[in-house]
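Nothing in this text is a laboratory measurement; each read-out follows from the coordinates by a stated rule. If you're wondering where the values come from, they're calculated on a predicted model, not measured in any experiment. Virtual Cβ from ideal backbone geometry, glycine too; neighbours counted across all protein chains shown.
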Amino acid sequence: MSKEYWKPGNMLYPVPAVMVSCGREGEKPNIITVAWAGTVCSDPAMVSISVRKERFSHAIIKETGEFVINLVNKRLVRATDYCGVKSGRDTDKFKETGLTPQISRYVKAPGIEESPVNIECRVTEVKELGSHDLFLAQVVGVTIDNQYMDEKGRFNLNTSGLVSYSHGEYFELGKKLGSFGYSVRKPVRKKKR
């Protein structure tokens, strides 16, 4: 095996592609596409997003202290890309993409109705890092699309066509390779009849 050494850089791929919605009272809400989003704690439920300081949404999130992470599936990938290349300073992204602002229960920022999952967040800390600021936030509410619920009341998120972003390209998640803990489970033996 041959490998090449590169200078330090962000090569942690794939990452989730999400749309983050935010807004100030009295102004049109905005959407920013974020590829640097993640879970940071389960109790309390907390997430993080990293946003460039010059982005229009950065000031909104910093001022209001809230945002909504909207998961992206295959049918939202074009809108996701659009919201990542257009600025909310001069574009009404909800209008241009045909997305629908959804009233949130716990924050003033709207969610995106077409998203399979909306995660309402309140900022607890802003960490200035350099090109980006890291917004740590507590999850205060989650909305899910009922079409992904099965008859037993289980949420089947993986059937929604979730999208990831890897090195400048979008991918629909595909073939299941295993489930958590499968490497240490004992095989189930079939009973003889």
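Rounded to whole numbers, the Karplus 3J(HN,Hα) couplings from phi for the stretch 83-95 are 5, x, 10, 9, 9, x, 4, 10, 9, 8, 5, 4, 5 Hz, using 6.51 cos²θ - 1.76 cosθ + 1.60 with θ = phi - 60°, and x at Gly and Pro.
Give me the distance between the Cα centres of the stretch 105-140 and the stretch 5-55, rounded to whole Å. The two parts, judged by their Cα centres, are 8 Å apart. Using the Cβ-Cβ distance between residue 125 and residue 12 with R0 set to 30 Å, the FRET efficiency from 1/(1 + (r/R0)^6) comes to roughly 0.90. Between residue 28 and residue 63, the simple label model (points 7 Å from Cα in the Cβ direction) yields a spacing of 1.6 nm. Extending 7 Å from Cα along the Cβ direction at residue 155 and again at residue 186 yields two label points whose distance is 3.3 nm. Here's how it looks for residue 53: its modeled amide H is under 5 Å from those of 133, which are all 5 or more places away or on a different chain. On a per residue basis, the convex hull of the C-alpha atoms belonging to the chain measures out at 186 Å³. Based only on other Cβ atoms within 10 Å, what is the fewest-to-most ordering of 1, 149, 46? Listing 1, 149, 46 from fewest to most nearby Cβ atoms yields 1, 149, 46.
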